[in-house]
Amino acid sequence: MSGDHSRSLGKGSAAPGPVPEGVIRLYSMRFCPFAQRARLVLRAKGISHEVININLKNKPDWFFEKNPFGLVPVLETSKGQLIYESPITCEYLDEAFPGKKLMPSDPYERAVQKMLLEHFSKITPIVFKYFVAVRDGQDATALKAEIVEKLGKFEEILSKRNTVFYGGDSISMLDYMIWPWFERLEPFQLKDWLKTGLKSQLT
């Protein structure tokens, strides 16, 4: 069975065979925060799965049959059903498989999490710009300030809720959706810019 750290398949590689019964397949990339969302949810719910990593810089032609955008994550079922886009894959996993539900049962709380995720989706492009600027040795001061200001608003929301996680006292879907970016703050000297709430979850 393929795992999280299996070799990445690139252009010229053979397409994998059918997905075995009782297993769901995740097309992923080890360092992609969007794919990490799906990996977190798969583990949280204890879903039997296999992972096939894709070389996103040199994608195999057959992968575009799995997702016309050529992006990860993509889920494939034993029936050949394909699901892509990270929020959609994660919501599918939560709804289609048994175990603890990660989305709130209350309709209003579900709507709140979806609205917050929509706000967070506006931050991720800025984070990527910041990563590239730091990597290339460019001045990233303005980008850093913008990220900190926007993440600060998420800290305020968590503080007002007075809970450990956005879903309350136990981790929820929204926490899994945003965690991959917070996990990457420390290597880029952003962690110390946070105040207390979210920072405490990183230590």
Handout entry: In order through the stretch 10-20: 3J(HN,Hα) via Karplus (6.51 cos²θ - 1.76 cosθ + 1.60), integer Hz, x for Gly, Pro
Key = x, 4, x, 6, 6, 5, x, x, x, 6, x
Fill in the blank from the handout: Computed ³J(HN,Hα) along the stretch 138-143: with the Karplus parameters 6.51/-1.76/1.60, θ = phi - 60°, integer Hz and x for glycine or proline, the list is 8, 6, 10, 4, 5, 5
Completion exercise
Amide H neighbours of residue 184 at under 5 Å, excluding residues fewer than 5 places away on the same chain, with H built from the backbone geometry, are none
Practice task
Would you mind telling me which residue in 83, 126, 24 has the biggest mean-square fluctuation in a Gaussian network model of the chain, where springs connect alpha carbons within a distance under 10 angstrom?
Solution key: 126
Handout entry: Magnitude of the charge dipole, the chain, Cβ model with Lys/Arg +1 and Asp/Glu -1, debye to 20
Key = 260
Completion exercise
With residue 45 itself left out, Lys, Arg at +1 and Asp, Glu at -1 over residues whose Cβ is under 15 Å from its Cβ give +1
Practice task
Grab the other residues whose beta carbon is less than 11 angstrom from that of residue 24, score K and R as +1, D and E as -1, and report the net.
Solution key: 0
Exercise for the section: Would you mind estimating how fast the stretch 110-164 diffuses translationally, via Stokes-Einstein at 10 °C and 1.306 mPa s with the Kirkwood radius over Cα pairs, in µm²/s? Expected result: 128
Practice task
Set the Förster radius R0 to 25 Å, insert the Cβ-Cβ distance between residue 149 and residue 30 as r into 1/(1 + (r/R0)^6), and round the FRET efficiency to 0.05.
Solution key: 0.25
Problem - Surface accessible to a 1.4 Å probe, residue 173 within the full protein complex, Å² - result: 10
Handout entry: Rg to Rh quotient for the stretch 76-117, alpha carbon positions, Kirkwood Rh
Key = 1.03
Exercise for the section: Give, rounded to the nearest 20 debye, the magnitude of the charge dipole that the stretch 1-97 has about its Cα centre when Lys and Arg contribute +1 at Cβ and Asp and Glu contribute -1 at Cβ. Expected result: 400
Fill in the blank from the handout: A 1.4 Å probe over the protein heavy atoms gives the stretch 1-135 a carbon and sulfur accessible-area percentage of 59
Exercise for the section: Could you pull the Cα extents of the chain along its three principal axes, largest to smallest, in whole Å? Expected result: 48, 45, 27
Fill in the blank from the handout: Order by accessible surface, 1.4 Å probe, largest leading, for residues 141, 124 comes to 141, 124
Fill in the blank from the handout: FRET efficiency (residue 118, residue 14; Cβ distance; R0 35 Å; to 0.05) is 0.35
Practice task
As a check on your grasp of the helix formula, calculate [θ] at 222 nm for the chain: sum -39500 (n - 2.57) over DSSP H runs of n ≥ 4, divide by the residue count, round to the nearest 500.
Solution key: -13500 deg cm²/dmol
Exercise for the section: With a probe of 1.4 Å, find how much accessible area the chain has per residue, and write the answer as a whole number in Å². Expected result: 54
Exercise for the section: Report the residue, chosen from 67, 162, 53, that carries the largest GNM mean-square fluctuation when the chain is represented by alpha-carbon nodes joined by springs under 10 Å. Expected result: 162
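The values are calculated or read from the model by the stated rules, or taken from the named source; none is laboratory data. Not measured: the values here are computed from a predicted model. So basically every Cβ, Gly included, is an ideal-geometry build from the backbone, and we count neighbours across all protein chains shown. SASA here: full protein model, heavy atoms, side chains in, ligands and nucleic acids out. Shrake-Rupley method; radii C 1.70, N 1.55, O 1.52, S 1.80 Å.
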